[in-house]
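> Here it is, the structure in full.
The values are calculated or read from the model by the stated rules, or taken from the named source; none is laboratory data. Quantities reported herein were computed from a predicted structural model and do not represent experimental measurements. So basically every Cβ, Gly included, is an ideal-geometry build from the backbone, and we count neighbours across all protein chains shown.
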Amino acid sequence: MNPRFVVHEHHATHLHYDFRLEINGVLRSWAIPKGPSMNPAEKRLAIQVEDHPLVYIDFEGIIPQGHYGAGTVVIWDSGSFTIIDEQNNRLSFSLNGKKLKGNFTLVHLKGGGKGNEWLLIKQKDTFARQDWNLKTILTPQKKSRLKERIPPCQTS
């Protein structure tokens, strides 16, 4: 069975998307302020954050105020992936999700910054879309069905 990935739409202080890959028994995680894109021309900043436990892959809910990541979290996309190539500063993989499909690369940016900056880049393949528009999925109806929950990775 291929490892899984998930993209959480996270309505915290600022809307962003948490991109998580199941690697070596944890979810390696990046916060993507503008969300992922299926357009190869749109390179998206991805800030690497702490690894999350695997149980977080199915998390949806409203994180209460006063807790890390306070706000509403819903699964925007999920599926499986395969690693194509992994080097020190580059990770290439193929996603098989409902929205995200095909080959992507995460490239670690060197110099400046805090050292946790990456770019998520869609590769040119049959799934690439020049007309890609990211759409949020959280509706008032969906939010009304969510419960207040503290995530399984809560540290403070």
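> Find the residue count for the stretch 1-22, including only residues that are touching a helix residue (DSSP H, G or I) at 6+ places or on another chain (Cβ under 7 Å) and either surrounded by fewer than 16 Cβ atoms within 10 Å (Cβ to Cβ) or among the aliphatic types (A, V, I, L, M) (or both).
1
Residues checked against (1) in contact with a helix residue (DSSP H, G or I) (Cβ under 7 Å, 6 or more places away or on another chain); (2) part of a strand (DSSP E or B); (3) not polar (S, T, N, Q):
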residue	(1), (2), (3)
P36	no, no, yes
N39	no, no, no
I47	no, yes, yes
H67	no, no, yes
T82	no, yes, no
S92	no, yes, no
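> Could you say which residue among I62, I23, I84, I47 is within 22 Å of K142 (Cα to Cα) and among the aliphatic types (A, V, I, L, M)? Working first, answer last.
Details: I23 fails: within 22 Å of K142 (Cα to Cα); I84 fails: within 22 Å of K142 (Cα to Cα); I47 fails: within 22 Å of K142 (Cα to Cα).
Going through I62, I23, I84, I47 in turn, the sole match is I62.
> Further, regarding this structure: Which one of these is modelled with pLDDT of 95 or more and in a loop (DSSP other than H, G, I, E, B): K124, K135, K110?
Details: K135 fails: modelled with pLDDT of 95 or more; K110 fails: modelled with pLDDT of 95 or more.
Step by step, each of K124, K135, K110 is checked, and only K124 is modelled with pLDDT of 95 or more and in a loop (DSSP other than H, G, I, E, B).
> Name the single residue, out of those in the stretch 62-82 being among the hydrophobic types (A, V, I, L, M, F, W, C) and buried (at least 19 other Cβ atoms within 10 Å of the Cβ), that is farthest from H10 (Cα to Cα).
Within the stretch 62-82, the subset among the hydrophobic types (A, V, I, L, M, F, W, C) is 62-63, 70, 73-76, 81.
Still in the list and also buried (at least 19 other Cβ atoms within 10 Å of the Cβ): 63, 73-74, 76, 81.
Values: I63: 10, V73: 5, V74: 7, W76: 9, F81: 22 Å.
Once the filter is applied, the top-ranked residue is F81.
> Considering only the stretch 68-82, I want to know if a residue exists there that is out of contact with any strand residue (DSSP E or B) (no Cβ under 7 Å at 6 or more places or on another chain) and without any contact (Cβ under 8 Å) to a residue 40 or more places away in the chain.
No, because not a single residue in the stretch 68-82 is out of contact with any strand residue (DSSP E or B) (no Cβ under 7 Å at 6 or more places or on another chain) and without any contact (Cβ under 8 Å) to a residue 40 or more places away in the chain.
> Does G102 satisfy the criteria of being surrounded by 11 or more Cβ atoms within 10 Å (Cβ to Cβ), out of contact with any Gly (no Cβ under 6 Å at 6 or more places or on another chain) and outside any loop (DSSP other than H, G, I, E, B)? First the steps, then the outcome.
Values: surrounded by 11 or more Cβ atoms within 10 Å (Cβ to Cβ): yes; out of contact with any Gly (no Cβ under 6 Å at 6 or more places or on another chain): yes; outside any loop (DSSP other than H, G, I, E, B): yes.
Yes, satisfied.
> Mind checking which pairs have a first residue in the stretch 89-110 that is on the phi > 0 side of the Ramachandran plot and a second that is charged (D, E, K, R) and in a loop (DSSP other than H, G, I, E, B), Cβ under 6 Å, 6 or more apart or different chains?
Close Cβ pairs satisfying both conditions: G102/D125.
> I need the full set of residues from the stretch 23-38 which are surrounded by 18 or more Cβ atoms within 10 Å (Cβ to Cβ) and not aromatic (F, W, Y), in order please. If you could, list the steps in order and put the result at the bottom.
First pass over the stretch 23-38, keeping only residues surrounded by 18 or more Cβ atoms within 10 Å (Cβ to Cβ): 27-32, 35-38.
Listed by number, the residues that qualify are L27, R28, S29, A31, I32, G35, P36, S37, M38.
> Among the numbered criteria (1) crowded, with 16+ Cβ neighbours inside 10 Å; (2) at pLDDT 95 or above, which single criterion is violated by A41?
It fails just one condition, (1).
> In the stretch 21-68, which residue that is β-branched (V, I, T) and over 11 Å from the mean Cα position of the chain (by Cα) is nearest to L119 (Cα to Cα)? I'd like the intermediate steps shown before the answer.
Of the stretch 21-68, the ones β-branched (V, I, T) are 23, 26, 32, 47, 49, 55, 57, 62-63.
When the remaining residues are screened for being over 11 Å from the mean Cα position of the chain (by Cα), the result is 23, 26, 55, 62-63.
On the way: I23: 18, V26: 21, V55: 26, I62: 28, I63: 27 Å.
Among those residues, the one meeting the criterion is I23.
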